[in-house]
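Presented below is the structure to which this report refers.
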């Protein structure tokens with residue numbers, strides 16, 4: 001993917017922010033904690049609304065292991081054992097999917113359908129339907 005990127009802020013000992021302009025003119029803003037771990041990756045249309053399927057947040061435990069991540073309404077949690085190995089993974093909420101159509105169409109994802117006429121399609125799916 002081609003695009004332009006610019007560091008918005010990066011102060012020693014502080015969280016940092018990074019902004020990337022994508023080829024499709026969308027924009028993603030990244031934030032990092034003081035240890036350099038990704039905290040958020042938030043996508044939006046250039047000069048417009050947020051892309052609900054690109055709203056990522058991350059949390060870490062004291063050993064710097066990923067303990068949770070979210071994508072809009074979907075929450076995934078991770079637990080490690082005393083050997084610092086991944087032991088459990090949990091999930092809840094709904095998964096947001098999106099896309100575009102150029103003609104009148106009916107979109108079906110895991111038995112959930114929606115009719116659209118050349119518009120952006122955003123659908124929230126209950127995660128239990130995906131497993």
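Each reported figure results from applying straightforward, stated rules to the coordinates on display, with no laboratory input. Everything numeric here is computed off the predicted structure, so don't read it as measured data. Note that each Cβ is placed from the backbone with ideal geometry, even for glycine, and that neighbours are counted across all protein chains shown.
Spacing of the modelled spin labels on residue 34 and residue 50, each 7 Å from Cα toward Cβ, amounts to 2.6 nm. Using the average count of surrounding beta-carbon atoms within 10 Å as a protection proxy, the listed peptides 51-59, 34-42 rank, highest first, as 51-59, 34-42. In terms of its alpha-carbon gyration tensor, region 36-79 comes out oblate; a/c meets the 1.5 threshold, while b/c is at least as large as a/b.
Estimated at 0.36 nm per residue, the fully extended path between residue 89 and residue 70 surpasses their Cα-Cα distance by 5.5 nm.
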